[in-house]
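J.: A single structure is presented below for examination.
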Amino acid sequence: MHARMTISCTVAIVLCVATDALAVVESVTAEIRSTVQAFVNDVAESSDEAIENFGESGLLPPIDARAILESLDEGDAISAKAIALSEFRDPTIAGAGRNPEEIAIEANCFSSDASTRYELTSSVVERRMVSFSADELGDPTTRTQTVRSAVFASGAIFAWSTSAQRDLTGLLGEVTFVVRKIDADETETVLVSERVALRGGPNGTIAFEDANNLLVFAGDLAILPDDAGSASVPGLPDIEFAALASAQVAVILQQDLEYDYTVTPGEQLTLEAEFTTNVANLPDGTGVVAVFGRPFDEAAEIIELGIPADSAKRLETRLNRAIAEFKPAGASLSGTPLGWLCGILGIEMLPLLALSYALFHTRGSGRRRS
């Protein structure tokens, strides 16, 4: 088994004029969505979609939206399955300075069926209406000031095929996230835009598509940690590899992506963060699993459709260990000027945000379509 490592450089935006001022969060809303579309002989057939809303609707976290489809063979055994899951949890539970699992998205699929494939999307869009007072910014004589924040990232993508030589064009595992500032006059500014992907190609190839500023560790299964916790160990003898003829992994290392933006004291603005996983497989022995914001929770039951169940569980465990253990060398997560971060966007004044949750008790909203 041959391993390689690909790391893209991180550019952290930390300006001398930036301030670590805390914002007052006046409202929080989120849309949580999961969709699965099945194709049979490349014709769209059954689909499942789940949508939930937080904030104006009144639902309180934790909130999740799950979509699932499966196909049975002639013996009523599962031959193809897809699961998309999106979660939104309480951002006021800081926990050692942050709550990385405030937003979590996962999308997994596999098909051994000769005609069935899936396309999945899991997403969470969170919007926070915030404002900064002149006193909080520390210089009431200045009309605008630059403030600093960060978004926390971690996750993984695993894509595989039971055939080493087949054309894998169309196989995709992708994680994207975008943070935008929307001013009171609707002017929109992109503050963070990141994408990590594994994409299939001819002759059994699965290529890593480089990220912008994220640190990503990518390669074959040999990059996963062994029982002793070290990476780059060939073999992983406790996992049955016979059905994993072509396989690639991309691990998003735990990291803070810092960003800055200008604010005007007393004026409202909206910070919008959109997190998405897009997954697509092919018929007849291919699968993709992707997660962002937490470890895998649903991957093993998808992977075991193509390899023995005990190997699938061990593989999920090793993927989760990589998510938990792989960190940038020398990185100090939440220990530096951004150590007060709360939630995945981390700019709010915690007591005021917690108070705003008390306003959202009255109504619930959600829908599901199959």
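J.: So A150 ticks every box in (1) among the aliphatic types (A, V, I, L, M); (2) at pLDDT 90 or above; (3) over 21 Å from I307 (Cα atoms) but one. Which box is left unticked?
T.: A150 satisfies all of (1) among the aliphatic types (A, V, I, L, M); (2) at pLDDT 90 or above; (3) over 21 Å from I307 (Cα atoms) except (2).
J.: Return the residues of region 38-81 that are aliphatic (A, V, I, L, M), closer than 24 Å to A300 by Cβ and part of a loop (DSSP other than H, G, I, E, B); say none if nothing qualifies.
T.: A77
J.: Right, next: Return yes or no: is A77 modelled with pLDDT under 95, closer than 22 Å to L198 by Cβ and small (G, A, S)? Show your work before the answer.
T.: Numbers: modelled with pLDDT under 95: yes; closer than 22 Å to L198 by Cβ: no; small (G, A, S): yes.
Answer is no for this residue.
J.: Residues in region 185-222 that are in contact with a Leu (Cβ under 9 Å, 6 or more places away or on another chain) and closer than 23 Å to G170 by Cα: how many? Break it down stepwise before answering.
T.: Taking region 185-222 and keeping what is in contact with a Leu (Cβ under 9 Å, 6 or more places away or on another chain), we get 191-192, 194-209, 213-218, 221-222.
Cutting the leftovers down to closer than 23 Å to G170 by Cα gives us 194-209, 216-218, 221.
Qualifying residue count, region 185-222: 20.
J.: Which pairs turn up if I take residues in region 267-293 that are in contact (Cβ under 8 Å) with a residue 24 or more places away in the chain and look for partners that are part of a loop (DSSP other than H, G, I, E, B) and of a type in the set (S, T, Y) with beta carbon separation below 7 Å, at least 6 apart in sequence or on another chain?
T.: Pairs found: P283/S115; D284/S112; G285/S112; G285/T162; G285/S163.
J.: Go through T169, T162 for me and flag whichever is farther than 20 Å from F292 by Cα and either modelled with pLDDT under 95 or buried (at least 16 other Cβ atoms within 10 Å of the Cβ) (or both).
T.: Working: T169 fails: either modelled with pLDDT under 95 or buried (at least 16 other Cβ atoms within 10 Å of the Cβ) (or both).
Matching residue, one of T169, T162: T162.
J.: Now for a different question. Which residue is surrounded by the fewest Cβ atoms within 10 Å (Cβ to Cβ), if the candidates are limited to region 25-57 and must be closer than 30 Å to P91 by Cβ and of a type in the set (A, V, I, L, M, F, W, C)?
T.: I51
J.: Would you point out the residue of region 260-287, among those that are touching a helix residue (DSSP H, G or I) at 6+ places or on another chain (Cβ under 9 Å) and assigned to a strand (DSSP E or B), that is surrounded by the most Cβ atoms within 10 Å (Cβ to Cβ)? First the steps, then the outcome.
T.: Residues of region 260-287 that are touching a helix residue (DSSP H, G or I) at 6+ places or on another chain (Cβ under 9 Å), as a first pass: 263, 265-266, 287.
Now restrict to residues that are assigned to a strand (DSSP E or B): 263, 287.
On the way: V263: 21, G287: 31.
The extreme case among them is G287.
Per-residue answers, yes or no, for (1) at pLDDT 90 or above; (2) closer than 22 Å to I223 by Cβ; (3) β-branched (V, I, T):
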{"position": "V251", "(1), (2), (3)": "yes, yes, yes"}
{"position": "D256", "(1), (2), (3)": "no, no, no"}
{"position": "Y259", "(1), (2), (3)": "no, no, no"}
{"position": "P265", "(1), (2), (3)": "no, no, no"}
{"position": "F275", "(1), (2), (3)": "yes, no, no"}
{"position": "P283", "(1), (2), (3)": "yes, no, no"}
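J.: Output the number of the condition that P225 fails; it satisfies all remaining conditions of (1) at pLDDT below 95; (2) over 22 Å from A300 (Cα atoms); (3) in a loop (DSSP other than H, G, I, E, B).
T.: (2)
The values are calculated or read from the model by the stated rules, or taken from the named source; none is laboratory data. Keep in mind it's a predicted model, so treat the numbers as computed, not measured. Glycine gets a Cβ as well: all are built from the backbone with ideal geometry, and neighbour counts include every protein chain shown.
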